[in-house]
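Working notes, structure below.
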There are 2 protein chains.
Amino acid sequence: VRIFGDLNSGNCLKVKYTADHLGLRYDWTDVDITKGESRVAGFLAKSPMGQVPVVEFDDGRCLAQSNAIIRYLARGSSLLPDDAFTQAKIDEWLFWEQNSHEPSIATTRYHIVYLNRSLEEREAWRVARGEQALDLMERRLGEDEWFVGRTMSVADIALLAYTRLAHQGGFDLAARPRVRRWISRCERVLNLQPAS
Amino acid sequence: VRIFGDLNSGNCLKVKYTADHLGLRYDWTDVDITKGESRVAGFLAKSPMGQVPVVEFDDGRCLAQSNAIIRYLARGSSLLPDDAFTQAKIDEWLFWEQNSHEPSIATTRYHIVYLNRSLEEREAWRVARGEQALDLMERRLGEDEWFVGRTMSVADIALLAYTRLAHQGGFDLAARPRVRRWISRCERVLNLQPAS
């Protein structure tokens, strides 16, 4: 298995966290999206979407989209229980992450970390959506320790990647103690150092 | 089964198309998002995300997020073949739809149809992303008749919902003949009248 990705991208880190947690052996190929390396013909042959991460399996088949990848890799493990409805509730958070969390929290961070914009240049509507997403997570974690079920699932990993980097986009987790405790809980299970 | 939704919302129509195609019996409850009906306590108890569609099963369990719902309903049917890698390739398009297609094409249409903005007020960056998404679909449909596999899947249904309404957001499909033929193909299978 070969993973094509960028270690500054939360979407790519989701795949790394999952693969490492599952003990999967893989090779990693860095793709620099700031240099357009995901838009060249050789890469587009692997995924016409032109985005990282992409996983190439030993038989040559490729799979793109972070949440599709981690869901596929996690089959048969505790990260994706077999029960169909439990999987659907995990999917609920995976789709919410890509539609309501990533476009606000990750994109705001992208503008600052990749495009070197200042905090003052943040888009108000995007910040507001990010704050709403974090508030929803805080409420959800008032009920349970994990997003779905009684152990960590790929829903947690998908949400963790950009939430633990949210401060780099100017989001403040100080008033969200449950989210902070959940981040620590995930980091402990995944053997990660706290993000700076 | 009860579906809570808004018949002007492509995300809700995905669930209706899937349920109708599968011959599922259901009751439909209209939720007017412009009146905030998805944000009241009774609705938030069904889904804290505060969005439509939501499906409530006869045992009281609820499921939100359009693509999570159609994927769950389609289990065991030709809309979601059993093979794990085929499902992962379907997931690829489902996640792409929620991250790269819906936020550009559906949101641009939302501003016009729901918020009564004019075509001139469209956001240039959002329109550009929508055009890119439609271009990618046109390229993909140069290779095959359906997005994944040799028959219609939930990937097609997820992409169809807002693509067949894209003109309402000012997107022009005239130069995308494959997308137009694919829309007709889907409409034929789903027994839908062309959208006005």
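The values are calculated or read from the model by the stated rules, or taken from the named source; none is laboratory data. Everything numeric in this text was worked out from a predicted model, so none of it was measured. Note that each Cβ is placed from the backbone with ideal geometry, even for glycine, and that neighbours are counted across all protein chains shown. Ligands, DNA and RNA are excluded from the accessible area calculation, which covers all protein heavy atoms including side chains. Shrake-Rupley method; radii C 1.70, N 1.55, O 1.52, S 1.80 Å.
One table, with the values for the structure above:
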| item | result |
| --- | --- |
| Index of the failed condition, residue B:19 passing every other in (1) over 29 Å from residue A:138 (Cβ atoms); (2) free of Cβ contacts under 8 Å to residues at least 60 places away in the same chain; (3) surrounded by fewer than 20 Cβ atoms within 10 Å (Cβ to Cβ) | (3) |
| Any pair with Cβ under 6 angstrom, 6 or more apart, that starts in region A:37-57 at a residue that is surrounded by 18 or more Cβ atoms within 10 Å (Cβ to Cβ) and ends at one that is in a helix (DSSP H, G or I) and small (Gly, Ala, Ser) | A:53/A:66 |
| Neighbours by Cβ (under 8 Å, 6+ apart or cross-chain): first from region B:180-192, over 18 Å from residue B:140 (Cβ atoms); second at pLDDT 95 or above and hydroxyl-bearing (Ser, Thr, Tyr) | B:190/B:17; B:192/B:17 |
| Complete set of residues in region A:66-96 that are over 21 Å from residue B:63 (Cβ atoms) and open to solvent by less than 20 Å² (accessible area, probe 1.4 Å) | A:66, A:69 |
| Helices (runs of 4 or more DSSP H) wholly inside region B:110-196 containing at least 3 residues that are at pLDDT below 95, surrounded by 13 or more Cβ atoms within 10 Å (Cβ to Cβ) and small (Gly, Ala, Ser) | none |
| The one condition in (1) assigned to a helix (DSSP H, G or I); (2) within 14 Å of another protein chain (Cβ to nearest Cβ); (3) open to solvent by 10 Å² or more (accessible area, probe 1.4 Å) that residue B:104 fails to fulfil | (3) |
| Residue list for region B:99-147, filter: in contact with a Lys or Arg (Cβ under 6 Å, 6 or more places away or on another chain) and hydroxyl-bearing (Ser, Thr, Tyr) | B:104, B:108 |
